[in-house]
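Structure first, then comments.
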Amino acid sequence: MQYPEEKVVYPERFRGLHRLTLRDDGNVRCVACMCCPTVCPAHCITIIPAETDDKGVEKRPAVFEIDELRCVVCGLCVEACPCDAIRMDTGEHAKPVEDRAMAIETKESLMARGVRSIAQQGGMGPNWRALPTLTTTTPDDK
């Protein structure tokens, strides 16, 4: 491969840099529940919660930081998040840095990569069994 002229083609399931998803009003979906820093085996996520004036949400993260040099890219933070606030689907590689402090992603930089989330609370709803099922055919059926 002749880098940088040729780029590596990443697999479809490649985990890229973290991002925080946004609500319709532009605020971060994170409610500072502390699930992601609790489950993180590398202890690279720092959250400091803050109270909000929003009636529907008790708290938001005042500080949300991820040390990309300590991150082992396991994806457990994404799986643990009950609000679909954090994802690792950017497809971007961590940039090389000369100073360790430059590898810490802040709430602002994580939100800059984020887009509005299309996740719905509760998934398909209580009538998910009534939804039509997909049928698949095998070569033997023909």
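Over the stretch 1-69, what portion of Cα pair distances is larger than 21 Å, expressed as a whole percent?
The answer is 44 percent, as a whole percent.
Taken along the Cα-to-beta-carbon direction at a fixed 7 Å, the label points for E51 and D89 span 3.6 nm.
3J(HN,Hα) along the stretch 101-115: 5, 6, 8, 8, 7, 9, 4, 5, 5, 5, 6, 5, 7, x, 10 Hz, from the Karplus curve 6.51 cos²θ - 1.76 cosθ + 1.60 with θ = phi - 60°, whole Hz, x for Gly and Pro.
The numbers here are math on the coordinates, done by the rules we state, and not lab data. Bear in mind the structure is a predicted one, so any value in this text is a computation, not a measurement. Please note: Cβ atoms are built from the backbone with ideal geometry, for glycine as well, and neighbour counts cover all protein chains shown.
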